[in-house]
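Here, each number is a calculation from the coordinates, and none is a lab measurement. Since we're looking at a predicted model, the values are computed, not measured. We place every Cβ from the backbone using ideal geometry, glycine too, and count neighbours over all the protein chains shown.
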């Protein structure tokens, strides 16, 4: 499975999408293509250089987007609850200490029944990071895990908000 396959299973065309993190222009290109020039994309990043990279890519490639920088993307009280149709995690869970807090925040921001995609590249890293990701998604989960694949270099998952 790859990003295109994940996006095919969770269509975001015409939807209001919140994206946590950034995994590079090639992955972002797949996200934008899946939106098919409709809907809204809000990207939350926790590093200033990521904000600049995302804005540089989205400018001219995505009609309706906003990029917000916050050192703590796990808490966004200014965003209304249940305001998004889908969430995408792009190397976000690996970049925060509060993995469960980030999942809780996404759950709060999504409408009931909404879906989420997790795409985390962890190569080369320790087995401990893979365990931490698995634990965050499966122990006392806030989301229902529809599909999950822990590959050699990446985690890919589709989640659903109950």
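List of remarks:
- Taking 0.36 nm per residue of separation and subtracting the current Cα-Cα distance, fully stretching the chain between residue 149 and residue 37 would add 37.4 nm.
- Most mobile of 23, 86, 106 in a GNM of the chain (Cα contacts under 10 Å): 23
- Taking the C-alpha atoms of the chain, convex hull volume expressed per residue in Å³: 101 Å³
- Region 6-161: antiparallel DSSP beta bridges as a percent of all, rounded to 5: 40 percent
- Inter-site label distance for residue 75 and residue 61 at 7 Å from Cα along Cβ, in nm: 3.2 nm
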